[in-house]
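The values are calculated or read from the model by the stated rules, or taken from the named source; none is laboratory data. Values in this document were obtained by computation on a predicted structure and should not be read as measured data. For neighbour counting, all protein chains shown are included, and Cβ atoms are generated from backbone atoms with ideal geometry for every residue, glycine included. All accessible areas refer to the heavy atoms of the entire protein, side chains included, with ligands and DNA or RNA removed. Shrake-Rupley method; radii C 1.70, N 1.55, O 1.52, S 1.80 Å.
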Amino acid sequence: MNAARTPRPQDEAPRDDAPEADRPAPGSVPPGLRTIKKYPNRRLYDTKTSSYITLAEVKDMVMGCEHFIVVDAKSGEDLTRSILLQIILEEETAGVPMFSTQALAQIIRFYGHTMQGLMGHYLEKNIQSFIDMQSRLTENSMMNLQNPLMQNFMGGYMEQSRSLFLQMQEQMSKQAETLIGNLGAGLTPKK
C-alpha cells in the first residue's frame, strides 16, 4: 500500500509572489554570508540549502560557529539578535539554566541605565576571555596537563576579568565626575 508522500516543510519553496518592493534590497546582506529568511508565518528559510529550517537547526549553526544573518523576508530587517534571544530563551527554560533569576534581574536593571553600554562591553569581553582560556586548556589537554599549569590559566583568566572590571569602574567614575561637574556648573552663582 503506497501512501502519497506528504511534503515536509523543507521540501517547500518560499512563495515568491511578494511585490519586488517588499523583498530585501540586493546587497543589504554582505556577500558570502549565509542568509536565513524569516517569513510572516514564523518559518525560517535557509537560502543556502533552499529549505525551511527549525530553530534547533539555527542553534546547530551557532554551535558550529557558522556566520549567518536572519532577515525579515519582506522588509529585509535584520532579525538575527531576535532569533538568538529565542534560542537562549528555549535553552533557559529547558534543562539546566545558565542564568539564575537574580542574575537575569540584575541584567534587566542595566537596561536604560547609563552603564548599559559598558556592561554589555564588559560581559562580551569577559565571555571572550573565558572562551580563549577554554581553548588554550583544550589545546594543552593533549599534553601532560599538570596542576600548576591549570592554576596559571585560571589565574590569568581571573586577572583579565579583574582588569576589565577595573576599567569599567574607571569609566563609571569618569562619567560620574562629568555628571557632577555639569550639575555643579549650573549651581554656581553668576558674578
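Could you pull out the residue among MET168, MET98 that is among the aliphatic types (A, V, I, L, M), modelled with pLDDT of 75 or more and either part of a helix (DSSP H, G or I) or under 30 Å from ALA56 (Cβ atoms) (or both)? Don't jump to the end; show me each part of the working.
Details: MET168 fails: modelled with pLDDT of 75 or more.
None of the others qualify; the one that does is MET98.
Filter segment 113-127 for residues that are part of a helix (DSSP H, G or I) and open to solvent by less than 90 Å² (accessible area, probe 1.4 Å) and give the result. Hits for segment 113-127 are GLN116, GLY117, LEU118, MET119, GLY120, TYR122, LEU123, ASN126.
Of all residues in segment 55-112, those satisfying the criterion of being of a type in the set (Val, Ile, Thr) and either closer than 12 Å to ILE36 by Cβ or open to solvent by 80 Å² or more (accessible area, probe 1.4 Å) (or both) are VAL58, VAL62, ILE69, VAL70, VAL71, THR80, ILE83, ILE88, THR93, VAL96, THR101, ILE108.
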